[in-house]
Structure formats: C-alpha cells, structure tokens
1. What's the total number of residues in segment 133-163 that are open to solvent by 80 Å² or more (accessible area, probe 1.4 Å) and assigned to a loop (DSSP other than H, G, I, E, B)?
2. Looking at segment 134-183, which of its residues are aromatic (Phe, Trp, Tyr) and at pLDDT below 95?
3. Quick test of your reading of the structure: HIS186 fulfils all but one of (1) modelled with pLDDT of 95 or more; (2) closer than 30 Å to ARG39 by Cα. Name the failing condition by number.
4. May I ask you to say which residue of ASN192, ASN209 is out of contact with any helix residue (DSSP H, G or I) (no Cβ under 8 Å at 6 or more places or on another chain) and surrounded by fewer than 22 Cβ atoms within 10 Å (Cβ to Cβ)?
5. Could you please let me know if LEU125 is in contact with a strand residue (DSSP E or B) (Cβ under 7 Å, 6 or more places away or on another chain) and open to solvent by 10 Å² or more (accessible area, probe 1.4 Å)?
6. For segment 171-190, indicate whether the set of residues that are part of a strand (DSSP E or B) and of a type in the set (Val, Ile, Thr) is non-empty.
7. Just checking, which of ARG89, ARG112 is closer than 20 Å to PHE166 by Cα, at pLDDT below 95 and among the basic types (Lys, Arg)?
8. Which of the following residues is among the β-branched types (Val, Ile, Thr), open to solvent by less than 30 Å² (accessible area, probe 1.4 Å) and free of Cβ contacts under 8 Å to residues at least 24 places away in the same chain: ILE48, ILE82, ILE68?
Amino acid sequence: MTKISTPWKKSRTYGDIHGGRMRRKFSDNIFKRAHSISRPDPDDVLPILMEENPSRDFFFPISGEEAIAALKALPKKDYDGITHVWLRRLKKADHIENIQPLAWFTAGSGVRMITLYPWAKDMMLSYGGKRPSNRQINEAKRYGAIIQKNGNDWVSKWTLEGLRKFYIQGILYHEVGHHIDFCYRHFSAANNKEVEEFADQYAYAKTANATHIYNKLSDS
C-alpha cells in the first residue's frame, strides 16, 4: 500500500529526466512506465512525501521521514523548490536485468521530484561481469563496502550503517545537486558527465551535513 503524507495527483504528461544515480546500465523503458506527478496545490506542505511498499526482497535503508529530515539538514536554499520525495517500489525484473536506477531527479510542469529506489535485502550491488571502475570502487570503500567476485559477477557488499550513510550523502544529496544544477546552472542534459560530476561534488561537499544527520537519526 502506498503511504502519502499529502494529497497528490497523477498527471497524464511526463516530466523531464535530468539526472540521477544508476547501476551499471539502465533502460529508457523504466521511465516510460513512470507516472509524472502534477504540480502541488498552493496550500500543500513541501516536499510532499510518497512511500511505497518496497516488496519482500528489497528495503529502503532510510525512511521517507528520514529522507525529509536529511534534506532539511541542508541549507534551505539548496532544497527549496523540491516538491516531492518518492520512495518508489522497484520491479524485481529491473534489478535482475541491471536496469535499476538508485535514484532520479525529475523536473517539469511545476514539479521537482527526487525518487529513491530500494536496495536488495542481501545488501549487495551487482556491477555485472566487468570489474567496476576505480571511481565506483573508491566510492564503495568510502562507505565501508567490500568489492568482491560473486560467481561471474563483481559485487559490492554493504553494511547497514554504510548503506544508510550512502543513501543520505551519496544518493539523496547527489540528487539535490541535480536540483541545484537544474535551477541555477542550467547545464545541458546532454552533457551527462559534467552534470554527474557537479552532483558528485555537491554531495561530497555536504559530508559534514550527512554525518550530522546520520548521527542524529542513529541516536533517535
């Protein structure tokens, strides 16, 4: 069942996809299945939170309320204008086929939405048969994950502590970087490398914020 903290409406039109964290590869089909969300009403409290049941093989390392708290640990100007945070159910077939995004920022028609996807309960992330890049390895190690071979595939094995930190900084704050990029910098979506580098740099710059909110959530 979908838990919705504020009333919302589905729109028949699609928003524009502007960037996000993803696995080894992804398919446009995953976005063709997505419903865009209509703009909030003037009296809605933003960001509107939507949470879906992640299914039995997956879980969300942070809750929707924790995601909102992590946003509000940032300077208000950085997250101001984000209209929705959607913890969205993942199709198991997309996970198996490695077309699963980790998160996505969508903007268009008065909506600026961060979508977070769940993680497999086995705590592993597959990179397929090709060894992950040094950048991927270094990022995984930064959060305490271990890179190893699992049969024919390369995988990273995570702890819950490291995964929660990664969701706050490496995923959620990365998407806030895309929001800032879209609102203030207006980089071309075609220049994917520069767009992703800016989001990475923003997330890294907010290490102190991420550490503070993680410690606060852990103590609560």
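The values are calculated or read from the model by the stated rules, or taken from the named source; none is laboratory data. Just so it is clear, the structure is predicted and the values come from calculations on it, not from any experiment. A quick note on method: Cβ atoms are made from the backbone with ideal geometry, for glycine too, and the neighbour counts reach across all protein chains shown. The area values use the complete protein model at the heavy-atom level, side chains included, leaving out ligands, DNA and RNA. Shrake-Rupley method; radii C 1.70, N 1.55, O 1.52, S 1.80 Å.
1. 1
2. Listed by number, the residues that qualify are TRP154, PHE182.
3. For HIS186, the failing item is (1).
4. The unique qualifying residue is ASN192.
5. Here the answer is yes, as LEU125 does meet what is asked.
6. no
7. Selected residue: ARG89, the only one of ARG89, ARG112 that is closer than 20 Å to PHE166 by Cα, at pLDDT below 95 and among the basic types (Lys, Arg).
8. ILE68
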